[in-house]
Amino acid sequence: MELTDKDGAPLPKWRTPEECFEEFKRVTVGRPCDYSGLSYEKLRGSGGIQWPCDENTPDGTERLYADHRFNTDTDYCEDYGHDLLTGAAYERQDHAALHPEGRAILKAAHYLPAHEPPSEEYPFLYTTGRTVYHWHTRTKTRRAPQLDAAAPDMWVELAPADAERLGVREGDVVRVESARGRIEARARVTGVREGVVFAPFHYGYWDTPDGVSGDGWHRAANELTITDWDPVSKQPLVKVAAVRVEKIADAGGVPSPAPTTAASRPVGEDLPPTEGGAGVRETVEGASAPVEAVRETVEEGS
């Protein structure tokens, strides 16, 4: 971007990732996440170091607050907290009135109902989340063959009672629709709570720019969620929305691509994989997973 300082010199004084890391270390000195004792060499040989890592704790800190002292002194804080309901920021005098002095400050909040509860038109509670094999939109994990093979595409999870009422079995294609959008995916009958529909949010726009799969199915799970957020963290509320579900096609002998591990493990008659490749494909993990060559390239100054 050709940014310069007041003397015309390059504004960022670093060029390489390591030089950038050194600058990051400098700005963390004295803060809770002090990185000043870390280095590329130390990180490469350790398998992981927990911050703070500084001259007093060169090997990192295994457990925070073991001395029962927290980073809550008013003079040390850079933020004085917020009202959990409205998000309004507290001022320094509000924080000081608590006399925190290194004590933990615990806040409680009353339960508030969801802003979009299920209704007659949209009778299911919709929630999105992760599978253990992918991270966010898969820009990295999609490139790892074992991770991609474990969870290659979108699926939707239904409770057994809900699937029975809808006439849905393993691998059937369902449409999940809210007041804002829809997705289509193969169903997996799991131990999810009755009345709840789960969809992973890893699939959508990264590998299919229009958000639609080769089958013409919409896959971006968060397109269905409400435009709302937590007043303090500003985290979008992608865990609670109202949807309706309908079956749009039979499985045709094809199971859902969901892993058979953790919460996406099928239940009931769909649990055992059948012979000859039909039924649910068991997810293979660890050293026995298929291995393909993976090459990582790091370019100077990238």
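A few remarks follow.
- Here region 188-247 is treated as an ellipsoid with the same Cα gyration tensor; its semi-axes, largest first and in whole Å, are 22, 19, 10.
- Within-14-Å neighbourhood charge of residue 71 [Cβ basis; K, R +1; D, E -1]: -4
- Annotation note: GluC sites (Glu not before Pro) in region 1-55 located in DSSP loop regions with a Cβ neighbour count of at most 14 within 10 Å are 2, 55.
- Rounded to the nearest 20 debye, the dipole size of the chain about its Cα centre is 380 debye, using +1 on the Cβ of Lys and Arg and -1 on the Cβ of Asp and Glu.
- Inverting the pair-averaged 1/r between distinct Cα atoms of region 39-82 gives 12.6 Å as its Kirkwood hydrodynamic radius.
- Extending 7 Å from Cα along the Cβ direction at residue 15 and again at residue 96 yields two label points whose distance is 4.9 nm.
- Between region 80-157 and region 227-243, the C-alpha centres lie 8 angstrom from each other.
- Per residue, the convex hull around the alpha carbon atoms of the chain comes to 226 Å³.
- Full extension of the segment from residue 105 to residue 1, taken as 0.36 nm per residue of separation minus the current Cα-Cα distance, would add 33.1 nm.
- Whole-number percent relative contact order across the chain, with pairs defined as alpha carbons under 8 Å at least 6 apart: 17
- Degrees separating the helix 17-28 axis from the principal Cα axis of the chain, which is the longest one: 60
- Simple rule: put +1 on each Lys or Arg Cβ and -1 on each Asp or Glu Cβ in the chain, find the dipole, and look at 235, 38, 58; the Cα lying farthest toward the positive end is 235.
- Potential lengthening between residue 161 and residue 66 on full extension [0.36 nm per residue; Cα-Cα distance subtracted]: 29.5 nm
- DSSP beta bridges fully contained in the chain are about 65 percent antiparallel.
- Using the Cβ-Cβ distance between residue 44 and residue 207 with R0 = 35 Å, the FRET efficiency computed as 1/(1 + (r/R0)^6) comes to roughly 0.65.
Here, each number is a calculation from the coordinates, and none is a lab measurement. Not measured: the values here are computed from a predicted model. Cβ atoms come from the backbone with ideal geometry, glycine included; neighbour counts cover every protein chain shown.
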